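> Can you keep this structure in mind? I'll have questions shortly.
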Amino acid sequence: MAGKVKWVTDIEKSVLINNFEKRGWVQVSENEDWNFYWMSVQTIRNVFSVETGYRLSDDQIVNHFPNHYELTRKDLMVKNIKRYRKELEKEGSPLAEKDENGKYLYLDFVPVTFMLPADYNLFVEEFRKNPSSTWIMKPCGKAQGKGIFLINKLSQIKKWSRDSKTSTFISQSSKEAYVISLYINNPLLIGGKKFDLRLYVLVSTYRPLRCYMYKLGFCRFCTVKYTPSTSELDNMFVHLTNVAIQKHGDDYNHIHGGKWTVSNLRLYLESTRGKEVTNKLFDEIHWIIVQSLKAVAPVMNNDKHCFECYGYDIIIDDKLKPWLIEVNASPSLTSSTANDRILKYNLINDTLNIAVPNGEIPDCKWNKSPPKEALGHYEILYDEEMAQSEVSDRDLRSRSGQSIGLKGTRARDTGKSGPLTWK
């Protein structure tokens, strides 16, 4: 189809607009005919809502799946992962194997989590098993560290509940849902500081699942040295890695922004812990991401007009076990440093090269499988079609085995060290 791509966005970020303009695309308003709309999560609700939505044509694509919140709302992500585990268990899948204490050997990658107020009694039961533990409370629908606090006494939850009820802003009926998760109080520290990983994952289709990992993720560091001391539970500069919070700290560095590239982390771990355990850690991170996507794939509205770039937040503990903390539907495109701007510009550039092949007017009927040279800094993380065709070549594979490999390759059971090794 001749003509230039017509674009719209309601997110005025230079890393987006510069990429659209570089391609010679034409800006239009949302009321005109458009081909590509990079929109906020609020706008996507309207596009796909029964009342206000409209039918997208084959030459229109958007950057969110209609019900992305099944993965990106903290409560729904946990609910879907729990359901996925139970289904695998029912099928007798080796992935759902448990140890003698009833803990999943391979699917224990989300901290123990409850919904509040709905699961309050279950939470109390769990809390009383280990009353010295620390828990972290987060509102289900907020980002950037808003509304988060830590607790280590049941009385603190009762106070929160009481305060919420009497607040002039929050009536009991509209009270915001929270998740409460066991706090990872033994995080891996570098320079005495806690950090998390922000990794970008692009999904072009959920059925069949095809996803890509961006190689240029980064670590976000706290500005204050970590201590598990209960006297510092209220100090978010110790506990929360969100840049939106850390940038207000006295020790925040505006040059590097408290960030480190994933490749630097990898080099650091290889030199301090060894190459083998470092490779195993990153394999497990990839495994977690694919399993989380498989958990939501059955309930995701796999609309052909959609793709999505997620921001995964992972914490590594001092035993080098990775934990999935949350997934963001609109990872920040604000640049806090010069390197940040370059990274996010390249992220959008590479995302567009996959989502809108050759920068031409999109056609939703294409098979969404770009050639390797179009991937830029992305690499294919999992391709269900490729995995299944390889599986069908090996009649020996069981149904549960089909769901293990990444990049369409077979994964070997490695006993104690976990279920996976990538070839």
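The values are calculated or read from the model by the stated rules, or taken from the named source; none is laboratory data. Given the structure is predicted, the values throughout are model-derived calculations rather than measurements. Here the Cβ is made from the backbone with ideal geometry for all residues, glycine too, and neighbour counts use every protein chain on show. Note: areas computed on protein heavy atoms with side chains; ligands, DNA, RNA excluded. Shrake-Rupley method; radii C 1.70, N 1.55, O 1.52, S 1.80 Å.
> Round to a whole number: what % of the accessible area of region 18-127 belongs to carbon and sulfur, probe 1.4 Å?
That fraction is 47 percent.
> Under 18 Å from a point 7 Å along the Cα-to-Cβ line of Asn18: which residues of region 353-367 have their amide N that close?
353
> Starting from the residue with the highest accessible area, list Tyr37, Tyr54, Tyr226 in decreasing order, probe 1.4 Å. Working shown, then result.
Values: Tyr37 5, Tyr54 105, Tyr226 30 Å².
The most accessible residue leads, giving Tyr54, Tyr226, Tyr37.
> Roughly how many nanometres apart are two label points built 7 Å out from the Cα toward the Cβ at Ala118 and Leu320?
Placing both labels 7 Å along Cα→Cβ, they lie 3.8 nm apart.
> Then there's this: For a 25 Å ceiling on Cα separation, which of these pairs sit above it: Lys82/Lys159; Lys74/Lys153; Lys103/Lys319?
Lys82/Lys159
> From the phi of every residue in region 65-82, what ³J(HN,Hα) in whole Hz does the Karplus formula 6.51 cos²θ - 1.76 cosθ + 1.60 yield, where θ is phi - 60° and glycine or proline is x?
In residue order, the calculated couplings are 7, x, 10, 3, 4, 4, 9, 9, 8, 4, 5, 6, 4, 5, 4, 5, 5, 4 Hz.
> Is the shape of region 271-395 best called rounded, prolate or oblate, per the rule: a/c under 1.5 gives rounded, else a/b larger than b/c gives prolate, else oblate, with a ≥ b ≥ c the square roots of the Cα gyration tensor eigenvalues?
Details: a/c = 1.69, a/b = 1.16, b/c = 1.46.
Oblate is the answer for region 271-395, as a/c is 1.5 or above yet b/c matches or exceeds a/b.
> Can you pull the one-decimal nm distance between simple spin-label points at Lys129 and Asp33, each 7 Å off the Cα toward Cβ?
Distance between label points: 6.0 nm.
> Any idea how far apart Val277 and Thr337 come out in nm if each label point goes 7 Å out from Cα toward Cβ?
A separation of 2.7 nm, rounded to one decimal place.
> How charged is the neighbourhood of Ile44? Take every other residue with its Cβ under 14 Å from the Cβ of Ile44, and add Lys/Arg as +1 and Asp/Glu as -1.
On the way: positive: Arg45, Arg73; negative: Asp10, Glu30, Glu70, Asp303, Glu308.
Neighbourhood net charge equals -3.
> Find out how many positive minus negative residues lie around His64, taking Lys and Arg as positive, Asp and Glu as negative, among other residues whose Cβ is under 11 Å from that of His64. Walk me through the intermediate numbers first.
Numbers: positive: Arg45; negative: Asp303, Glu308.
In short, -1.
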